[in-house]
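Reviewing the structure listed below.
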Amino acid sequence: GLFGVPELSCPEGFQEAQDKALQESEQLVQKACSTPPGPETVMIFDQLSDSLCRVADLADFVKVAHPDFAFREAAEEACRNIGTVVEKLNTDTELCQSLRRLLTDEMVMSSLDPETRRVAELFMFDFEISGIHLDEEKRKKAVDLNVRILDLCNEFLIGTHLPNKIDKHVLPEHIRYNFTAEGNYLLVAGLHADCPNDLVREAAYKIFLHSNAQQLRRLEELLASRNSLAQLVGYDTFAHRALQGTMAKNPETVRQFLEKLSDQLSKRTQKDFEMMTKMKMKLNPHNSMLMPWDHPYYSGVLRAERYNIDPGLYCPFFSLGACMEGLNTLFSRLLGISLYAEQTKRGEIWSEDVRKLAVVHETEGLLGYIYCDFFQRPDKPHQDCHFTVRGGRLRENGEYQLPVVVLMLSLPQSARGAPTLLSPGMMENLFHEMGHAMHSMLGRTRYQHVTGTRCPTDFAEVPSILMEYFANDYRVVNQFARHYKTGQPLPKNMVSRLCESKKVCAAADMQLQVFYAVLDQIYHGKHPLKKSTTEILKETQEKVYGLPYVPNTAWQLRFSHLVGYGAKYYSYLMSRAVASMVWKQCFAQNPFDRAMGERYRREMLAHGGGKEPILMVQGMLQKSPSVEDFVDALVSDLDHDFETFIMDS
């Protein structure tokens, strides 16, 4: 069976696994309601969470990645059913009462350790954001809103990826071949951001981002429903609800962070736009106004011209085997951890090119498993991500339930007889996703509710982004980057040039991220919105980003992160700020410092979500960072390294 779960040897097994989980959860609900308040209450709640998550988490992965449609469909169904049960449990007053009895018993609460207390409070938070404190009619409304939001999210997400059709005669004949033909129509399925032809990029931008009435209605209803739910359960806005428990804590801090960052970036961004405009004038004298479809392309041209970073020159040094070896060396020196390939049993994996790794600590033994689903295949989404399939927790019998995760990448299949070669970007993504996996392996909490990456969103990206700093450090890269034919190491100046090239137009790239984050905050802020979502987009784009809005486009309808990162898109920037501070203060001097590695594990990875994120950051940095510190960390990363600059000059 998939992941060694016996029921999942066929799609129908999802029904069986689901029924088993629901049966188990019913028994645990009864047990929770009849247990006197104490640490056991939290233990039962966590078991309840575990029995449902074991099916839901696994199904979450299978529904997007399994090559067999029947499996994907069965998993989708299981996700929906378990989701409905969770919503019902979150509004079960008797179940909530058993937890409230614990939380209001001061004597018992004071005897609990901090992690158990926090987990109890997190479970109560789940009840409260589902409206447990409301009367029956309002509670039912909260459940209905949650279900509606789930459906809208799925519909909106599908809509963000759908291609747009256009009569082929609308486009000049010489550019039609860039798009897929379907009878008399052309399908535009993306922005063609890397295409050297300005006209192709302009056409793709205007057609792919053309407003769509149905998708617009979905977005408006989604934002309004989220706001109604937040207000129903006692929050001013959806953003206030979403930011509870995060590092930022509230929308005011996020706004302050984004405004200060935008101020610090503005001069640099202007310079970047001026450089891109000059480049556009040089290549296209007839039309030199910089437009939104130009930014990704011309920043790439500038990068290539200034640093000659041809991925083809780097790929031979980054074979997949060498990169995995590099990760193994790094983890071994920093954390005492090794990765071992393990044989899989029949039916355990969903594609024959999936590899299973055992994660083993030098003294603690086996910590968990990572399934590596690294290669492209038909119907597999083109995204790099990390899935928790089973969370770690301390079982009732004293054994530790080992965490299981999947790392999904989209690497090209290698040519016969040659190894898989990674571009520098793919290598960095591999390190990034491995950062999440290590968090899952080392966040060995007593409770699976807060295991590994089950922590606030603005902290969850810190371990993965920190790994990018390691991937860009010559001392680390030099351990593994060897030419697959000659064994020659990657020259130091090639690594330096690669790192410096990433700083070309980096301010403008970051400004674009700030714009997306501000937009997300406004959409999830005070309702009713003062204007339509498109008018807000236009206003914010011109004010925060600086490149003109293009009439009749509605980029927000392609903003898929509004689903998974609603009111939290800023998280990526804030996590990067923390990772930058940790790197500079703790690892820049020596990326293999074992004492620092142990401190990093102890202070930041070990707690999963069982400790307040800002306390973990304080423990690591030995000071409490301010919003200004976050902004300074991000901006100082944009400065060029003087040594490389001199060498290249």
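The values are calculated or read from the model by the stated rules, or taken from the named source; none is laboratory data. Owing to the predicted nature of the structure, the values given are computational and were not obtained by experimental measurement. All Cβ positions, glycine included, derive from the backbone under ideal geometry; neighbour counts span all protein chains shown. These area figures cover heavy atoms from the full protein model, side chains too; ligands, DNA and RNA do not enter into them. Shrake-Rupley method; radii C 1.70, N 1.55, O 1.52, S 1.80 Å.
Here ASP473 fulfils each of the conditions (1) at pLDDT 95 or above; (2) farther than 22 Å from MET604 by Cβ; (3) among the acidic types (Asp, Glu) apart from (2). Given the structure, is LEU605 under 23 Å from ILE207 (Cα atoms) and open to solvent by less than 10 Å² (accessible area, probe 1.4 Å)? So LEU605 fails the test. For region 78-110, the set of residues classified as assigned to a helix (DSSP H, G or I), open to solvent by 40 Å² or more (accessible area, probe 1.4 Å), free of Cβ contacts under 8 Å to residues at least 60 places away in the same chain and more than 30 Å from VAL64 (Cβ to Cβ) consists of THR93, ARG100, LEU103, GLU106, MET107, SER110, listed by residue number.
Over 28 Å from THR344 (Cβ atoms) and either open to solvent by less than 20 Å² (accessible area, probe 1.4 Å) or not aliphatic (A, V, I, L, M) (or both): is that true of LEU48 in this structure? So LEU48 fits the description; yes. Can you pull out every residue in region 346-362 that is more than 24 Å from the chain's Cα centre (by Cα), under 30 Å from GLU598 (Cβ atoms) and open to solvent by 20 Å² or more (accessible area, probe 1.4 Å)? The answer is VAL360, GLU362. Anything in region 306-326 that is within 26 Å of HIS640 (Cα to Cα) and among the polar types (S, T, N, Q)? List them, or say none. Once the filter is applied, which keeps residues that are within 26 Å of HIS640 (Cα to Cα) and among the polar types (S, T, N, Q), region 306-326 yields only ASN308. Mind listing just one residue for me: the one in region 398-420 that is at pLDDT 95 or above and polar (S, T, N, Q) and, of those, surrounded by the fewest Cβ atoms within 10 Å (Cβ to Cβ)? Per the stated criteria, the residue is GLN401. Applying the condition of being of a type in the set (Phe, Trp, Tyr) and in a helix (DSSP H, G or I) to region 545-590 and asking which residue is farthest from LEU216 (Cα to Cα) yields PHE587. Of all residues in region 346-387, exactly one satisfies the criterion of being within 11 Å of LEU407 (Cβ to Cβ), of a type in the set (Val, Ile, Thr) and in contact (Cβ under 8 Å) with a residue 40 or more places away in the chain, namely ILE370.
What about MET596, is it part of a helix (DSSP H, G or I) and open to solvent by less than 30 Å² (accessible area, probe 1.4 Å)?
Considered against the rule, which asks whether it is part of a helix (DSSP H, G or I) and open to solvent by less than 30 Å² (accessible area, probe 1.4 Å), MET596 comes out as no.
What is the residue count in region 7-19 for residues that are in contact (Cβ under 8 Å) with a residue 24 or more places away in the chain, open to solvent by 40 Å² or more (accessible area, probe 1.4 Å) and not hydroxyl-bearing (Ser, Thr, Tyr)? Number satisfying all stated conditions: 2.
Is one or more of the residues making up region 167-178 among the polar types (S, T, N, Q), in a helix (DSSP H, G or I), at pLDDT 95 or above and not assigned by the TED database to the domain that holds LEU103? For region 167-178, residues among the polar types (S, T, N, Q), in a helix (DSSP H, G or I), at pLDDT 95 or above and not assigned by the TED database to the domain that holds LEU103: present.
Number of residues in region 221-240 that are closer than 13 Å to TYR523 by Cα, among the charged types (D, E, K, R) and open to solvent by 30 Å² or more (accessible area, probe 1.4 Å): the value is 1.
The numbered conditions (1) assigned to a helix (DSSP H, G or I); (2) of a type in the set (A, V, I, L, M); (3) farther than 24 Å from HIS210 by Cβ are all true for VAL504 except (1).
Tell me, please, whether a residue that is in a helix (DSSP H, G or I), open to solvent by 10 Å² or more (accessible area, probe 1.4 Å) and within 29 Å of LEU265 (Cβ to Cβ) can be found in region 477-487. No, region 477-487 has no match at all. Within region 156-171, identify whether any single residue is of a type in the set (S, T, N, Q), under 23 Å from GLN244 (Cα atoms), open to solvent by less than 40 Å² (accessible area, probe 1.4 Å) and in contact (Cβ under 8 Å) with a residue 60 or more places away in the chain, and answer yes or no. No: zero hits. Against the conditions (1) in contact with an Asp or Glu (Cβ under 6 Å, 6 or more places away or on another chain); (2) within 23 Å of GLY368 (Cβ to Cβ); (3) surrounded by 17 or more Cβ atoms within 10 Å (Cβ to Cβ), GLY4 satisfies every one except (3). Here ASP263 meets each of (1) over 15 Å from CYS505 (Cα atoms); (2) open to solvent by less than 40 Å² (accessible area, probe 1.4 Å); (3) at pLDDT 95 or above with one exception, condition (2).
Can you confirm whether PHE459 is over 18 Å from ARG355 (Cα atoms) and either outside any loop (DSSP other than H, G, I, E, B) or open to solvent by 50 Å² or more (accessible area, probe 1.4 Å) (or both)?
The answer is yes for PHE459.
Out of (1) farther than 29 Å from VAL42 by Cβ; (2) in contact with a Lys or Arg (Cβ under 8 Å, 6 or more places away or on another chain), what's the single condition that is false for ASN164? Of (1) farther than 29 Å from VAL42 by Cβ; (2) in contact with a Lys or Arg (Cβ under 8 Å, 6 or more places away or on another chain), only one is false for ASN164: (2).
Among residues belonging to region 528-543 that are part of a loop (DSSP other than H, G, I, E, B) and either among the hydroxyl-bearing types (Ser, Thr, Tyr) or open to solvent by 50 Å² or more (accessible area, probe 1.4 Å) (or both), point out the one that is farthest from VAL518 (Cα to Cα).
PRO528
The residue of region 372-395 that is most open to solvent (accessible area, probe 1.4 Å), among those that are out of contact with any Pro (no Cβ under 9 Å at 6 or more places or on another chain) and farther than 20 Å from GLY608 by Cα, is HIS382.
Only one entry in VAL518, VAL514, VAL495 is part of a helix (DSSP H, G or I), buried (at least 20 other Cβ atoms within 10 Å of the Cβ) and free of Cβ contacts under 8 Å to residues at least 40 places away in the same chain, namely VAL495.
Yes/no per residue for (1) among the hydroxyl-bearing types (Ser, Thr, Tyr); (2) modelled with pLDDT of 95 or more; (3) in contact with a Leu (Cβ under 7 Å, 6 or more places away or on another chain):
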residue	(1), (2), (3)
ARG218	no, yes, yes
ALA224	no, yes, no
SER228	yes, yes, yes
GLN244	no, no, no
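Of all residues in region 468-479, those that are closer than 15 Å to ASN493 by Cβ have Cβ atoms under 9 Å from Cβ atoms of residues that are hydroxyl-bearing (Ser, Thr, Tyr), 6 or more apart or on another chain, in TYR474/SER496.
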